Structure formats: C-alpha cells, structure tokens
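Let me begin by presenting the structure, written as structure tokens, before commenting on it.
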Amino acid sequence: MKPHKLILMMLVCISALLPGVVFAQTTVREQPTLSNATLQECIDYALSNKPGVQQALIDEEIGERDIKSALSGWLPQINGTGTVNHNFKQQSQILTTNGQSSLLTFGGKNTSSFVLQADQQFLNAGLIQASKSAKFYRQQYKQSTENTKISTIVDVSKAFYDVLTSKEQLNIIAENIARQEKQLKDAKAQYDAGLVDKTDFQRAQISLSNSQADRKRTDELLKYKYAYLRELIGYSAEKPFGLSFTSRDMENDVMIDTTQLLNYQNRVEYRLLETQRSLQKITTSYNKWAYSPTLSGFINYGFNYQNNSLSNLYDQNFPSSVVGLKLSVPIFLGGKRTQEIRKSQLQERKIDLDLVNTKNKINTQYEQAIATYKANLNDLNTNKANVEISKQVYSTIKLQYDEGIKTYLDLTTSETDLRTAQINYLNSLYNLLSSKLDVKQALGTITVNQ
C-alpha cells in the first residue's frame, strides 16, 4: 500500500468517528429600547443582558463541557501513530548452532510503521467518580446561576426605586420653588409698597436660591442613578432610557406577609453548600476505592514497512495486529490513599460546619430584615401623617401671613417643615421597599425564571 493511500485511509477512519460539526451563522438579537420601562421590564432585560448573568450562563455551559469531557473516558479512545526510521547501524545478535557462532543482523536499514489503536475502559475508579458526580456538578452550576440572578433582581429593584425616589423628590422641590417664587414676588411687592422691611424679601431670595441649588444637586445625582441602573441591567448608554412608575405605585407595593416561616432550603446559598457536601462525599468514596483495579481492553492494527532502499521502503507491507486486556492493580503508594481519605473526611466536616454557620447567618439576616421592615413601615405611616399635618400647618400660616398675623419667618419655617416631611416620607418609602426586598431575599422567596 502506497503511503498516500494509507494516510488517506487513516483520515477517513478518524473523520468517521468524529461528531458532525454544524456551522451556523450567529445572529445578533436586537435588544428592545426601554423608553417607558416598568420594574419587571428592567428585571427581564437585566436577566437577559447583564454581563454578570451572561457570564454565569457561560460558566454553566463550560461546566457542562467539563462534565462531558470527564465522561468521555468511557468511550473508545482511538489513536493513530506513524514513524519513519533510518538505522545507521542495525541491531545484531550472535546465534550459536552446533558450536558454530554466526552474527545475524535484524531488520532493514529503513523502517516505517503506521498503527491504529483503540482502547476501552471497563473498570476505572476515576471515571466512576465522574459518572456519580456529574448530576451534582450540573446542579451546582445551575444554583450558582440562580444565585447571580437573585442578586441581580434585588440590585435592579433597589436601583429602580432609588431613581423613582429622586424623581419624586424633584417634583417636590419643583412645587417648593413654585411657592417660593410666588412668595418672593409677593415679598418684593410688599417691600416696594413700604409695607415690610427688606428682610422678608431677602429671606425669600435665600430660600429660593437654596431650593434651586437643591434641585440642581438632585438632578445631577439622578443622572448618576440612571447610569447605575443602566449598568445593572446591561443597557447601552447610547440608547434612550426612561421609566414608568409613580409614588402611588410604590405605595401599593410595600406590603409583605410578615408571618411567613423561615425555611433554610429556600435559600440557594444553603442548597449550594448541600451540593458541595454531596460532591465531597463522592470524593471520599472515590479515595476509599482508589485501590480498586483498573481494567481496560485494546485492539490495534499496524502497517509495517522495511527495506534497505529508501525509495522502495513502502513496496511491501508486513501488517500486525493484537487484541488484549490490561489489568492494573495498585499495591502500595506510600500511604497516599489513607491521607487522601482523611483529608476528604476533614473537608466534609468543614462543609458541615459551614452549613451550621450558614443557618445562623440566614436566621440573623432574616431577623434583621424583618425588624428593619417593621421599623420602616412605622416610619412610613408616621411620615405620611406628618406630611398631611405639615400641609395643614403651612396653609394656615400662609393665610395668617397674608392677613399680617404671622411673620415671614413663621411662614418659611412651616414651609421648611413641609418640605422636610415630604422628603422624609419619600426616603421612608424607599427604605421600606428596600427592606421588603431584603425580607424576601432572606426568606428565599424571590423567584427566578429558569
């Protein structure tokens, strides 16, 4: 058989064993524009586009490839080798027959061989471990992705509420500025008419300037908060971005059932540790069975050529083939097996302690979250009542000021109290919504669409 025909045959054999490869054109899916997005739309966008979530999904795919790579050892392993040798000095051996010795030279000056060999594992402790642990590794990868998604939902929700709080704060500031501009106009008119001194007019100017500076500060911070929310959901900075929500919607979303019982199994962090413990137990079992024999089979076929003339090397083939079994039994490894077993058992104990510690942390986190939620709910109700009272006080003092009964200082004080009450109400609303998310996260009730 000519060399080029032999190589062609080997390539055909190898290609027949390889899985088919389908080359598909990758299409880039156009992402929607969030011009009037709700909270759920922002969350859905983040779960599809945030780099951190996409990386977690890629890690899941990488893990699947690792599992398949480890399990591939059960399939036949086929290898082809080829060699070409020129013997400067051929092997010789003395042969003695009837007391007469003669020197025999073996082989040709030029030799070449091509061998195809298939190996099949029948018993292998490492492959058995890979088969048993595959299920738990898949579970671990999915749980890690779930944990990333839950954190994303919480972060996006808090950032969303933070933007809306700032927007509502701008509305309050705008109302204050409108009132103060009218007060400034009235104070100037009274000053020009000689009814009041210059201090009322100056105080009105100071209040208006402070409110305008407050609006500027809040407006600039709002740009950053929009940018932060864009970052969290993986939204391009070049695309238009707007939100759809009101403070009333926020108010309707504050309640949660505070009588729910804490279940550690609902927490993905706890389930991750349980998965790690299962994997560690498999590792311990593997170390106990590491001294089990390894049994494999093999078969090969070789194309062998030899000739003293290099140009005629491939004129004649001397084929060979062999099939057999290989049994390998470890006898003594210097105590490595015993040490590995003890090490794995100690790692199991560490994970058990991690589970206990995680239970304690989850319980503490829940108690803190539920206490904070209840306190923030009380603050919200208190501040809501304070807003109503502050509005009434301001309206009354404004009428009394217009009648000349109250001073301008009383009016500005009541106006400051009203603005403070409104801002406190907004802050308490945001704090309550954030603490509600913390309670749901502590309970493990935030659901992720797999």
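The values are calculated or read from the model by the stated rules, or taken from the named source; none is laboratory data. Not measured: the values here are computed from a predicted model. With ideal geometry, Cβ positions are generated from the backbone for all residues, glycine too; neighbour counts draw on all protein chains shown. Accessible surface is based on the protein model in full, side chains and every heavy atom, while ligands, DNA and RNA are left aside. Shrake-Rupley method; radii C 1.70, N 1.55, O 1.52, S 1.80 Å.
Accessible-area rank, largest first, for PHE241, PHE298: PHE298, PHE241, with all protein chains present and a 1.4 angstrom probe.
Helix-only arithmetic for the chain: the sum of -39500 (n - 2.57) across DSSP H runs with n ≥ 4, divided by the residue total, places the mean residue ellipticity at 222 nm at -22500 deg cm²/dmol. At an R0 of 41 angstrom, the distance between the Cβ atoms of SER309 and ASN98 translates into a FRET efficiency of 0.75. By the Cα gyration tensor, the range 308-410 has an equivalent ellipsoid whose semi-axes, rounded to whole angstrom, run 90, 31, 11 from largest to smallest. In the range 132-209, the ratio of gyration radius to Kirkwood radius, Rg to Rh, stands at 1.63 when only Cα atoms are counted.
Here LYS391 is the anchor, and the lysines within straight C-alpha reach of less than 19 Å, apart from those fewer than 8 places off in the same chain, are LYS182, LYS406.
Distance from the C-alpha centroid of the range 175-254 to that of the range 275-338: 77 Å, rounded to the whole angstrom. Within the range 76-161, the trypsin sites (Lys or Arg not before Pro) that combine a DSSP coil assignment with at most 12 other C-beta atoms in a 10 angstrom radius are LYS89. Net length available on complete extension from GLN91 to ALA193 is 24.0 nm, with 0.36 nm assigned per residue and the Cα-Cα distance removed. Within straight-line reach of LYS89, meaning a Cα separation under 25 Å, sit the following lysines at least 8 residues removed in sequence or on another chain: LYS109.
Straight-line cross-link partners of LYS167 among the aspartates and glutamates, defined as a Cα under 14 Å from its Cα and at least 8 positions apart when in the same chain: GLU175, ASP214, ASP219, GLU220, ASP249.
Based on the convex hull around the alpha carbon atoms, the chain presents an average projected area of 38.8 nm².
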